[in-house]
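Only one structure is covered here, and it is reproduced in the block below.
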């Protein structure tokens, strides 16, 4: 065992140099780059215990190192793309639990995105539905359709599985507390941490509007000037599905919109957007609001809240934003609030962007492990920062007839905020 760990450490040091040189590698040959990224993997297997799909299937091809082997074989032309071969790549949730624990520093997200771009979108990808989801105006129409099909008995069952999954994600009426207060007046003179641009996104701008208002309220209370960007898709859905043209177009739109803000940093209340926003704006600080708010705790005070909440930390918040510690720091400032954090990987709720629409049965299986943990808790509600995760978990609770409200942690914080 010691020898194995020693060899892994040695490989990690050797690959550190390779990582540095790879940053300047030309992008003209994606197959070569995929092969080089795949060669970083030392096959140690430390990623297996944190992989949700490996836990679900118990199949090596559904593990990170299995997918890396498939990507390498495709890039080198050793195999040709087939439905059976690409299925494990399509099943990957992109949770990046593997990347966080990898001792060799494998850039798994980069490898996955480039391999999917090489293959192109999956034939079963629900293109029309995703185009609706990505457009806020059409997204609102989808919510109306969900209410209508819910009122029309039997109509929803006649729709394709992806559409049924999308309609099931329509937010219910269960809320906790009151709506987030309006933002206060701009910070006092001499107390201006900077200008923050708030990126609304697509689904979040419709279904998480209260969390965005909460973020604006709290950031303003902390002394920031908040500028809202237009609501549109950041490109995450296309980027992770191999739809290169759409993701590149979205990145350009992000760059143009950012250039008009005059802001110092960019935030989004949905951690699922952060990777795409950072890719589009590599020179800009892109975060979720928790990091900035935690740096200015002295400006924020909160009313007591004698309640118990289950805390779900989305994979993207833990592994991309890495802001779970900052979020806990803020929530612990609310007197009398009790939190029970749901267990970490390999537990993933299964929402994972378009995964819940493309593979609704697998998403429901993954969600069940999280809901089983919830059933053991005596709580007043569920907190989760990612809109897709929260809606997916809420739909599962609804199926179980569990009258439990779900909300964004920022919404709860804004509800308890004491205006100065």
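Structure notes:
- Quotient of the Cα radius of gyration of the stretch 47-125 and 2.2 N^0.38 Å, N being its number of residues: 1.03.
- Simple spin-label estimate for residue 264 and residue 195 gives 1.2 nm between the two label positions (7 Å along the Cα-to-Cβ direction from each Cα).
- The modelled label-to-label distance between residue 248 and residue 140, using points 7 Å beyond Cα along the C-beta direction, is 3.3 nm.
- Semi-axis lengths, Å, the stretch 275-420, gyration tensor of Cα atoms, sqrt of 5 times eigenvalues: 26, 22, 11
- 0 to 90° range, to nearest 10: angle between helix 387-399 axis and the chain longest Cα axis: 80
- Here each label is just a point 7 Å from Cα along the line to Cβ, and for residue 81 and residue 418 those points are 5.8 nm apart.
- For residue 361 and residue 340, the difference between the fully extended length at 0.36 nm per residue and the C-alpha to C-alpha distance is 4.8 nm.
- Extension gain (nm, one decimal) between residue 372 and residue 283, 0.36 nm per residue minus Cα-Cα: 27.9 nm
- Convex hull of Cα atoms in the stretch 195-294, direction-averaged projection (nm²): 5.7
- Using only alpha-carbon positions in the chain, the gyration tensor eigenvalues give semi-axes of 34, 26, 22 Å once each is multiplied by 5 and square-rooted (largest first).
- Dmax and Rg, reported as Rg then Dmax, of the stretch 247-327 (C-alpha, Å): 15.1, 47
- With Cα atoms, 0 to 90° folded angle of helix 360-375 axis to the chain main axis: 50
- Values of log10 I(q)/I(0), in the order q = 0.27 Å⁻¹, for the stretch 311-376 under a Debye, Cα-only, solvent-free model: -1.17
- Label reach from residue 43 (point 7 Å along Cα→C-beta): in the stretch 108-124, amide nitrogens under 19 Å belong to 108.
- Here is the size of the stretch 343-418 from its Cα atoms: Rg then Dmax, 12.8, 43 Å.
- Applying 1/(1 + (r/R0)^6) with R0 = 60 Å to the Cβ-Cβ distance of residue 164 and residue 301 gives a FRET efficiency near 0.85.
- Extension gain (nm, one decimal) between residue 31 and residue 228, 0.36 nm per residue minus Cα-Cα: 67.0 nm
- Nearest-ten-degree value, helix 108-119 long axis tilted from longest Cα axis of the chain: 70
- As a rough guide to protection, the peptides 369-377, 52-60, 269-277 ranked by mean Cβ packing within 10 Å, highest first, stand as 269-277, 52-60, 369-377.
Computed from the coordinates by the stated procedures, all read-outs in this text should not be read as laboratory data. Just so you know, these numbers come straight off a predicted model, no measurement behind them. Methodologically, a virtual Cβ is constructed for each residue, glycine included, from the backbone with ideal geometry; neighbour enumeration extends over all protein chains shown.
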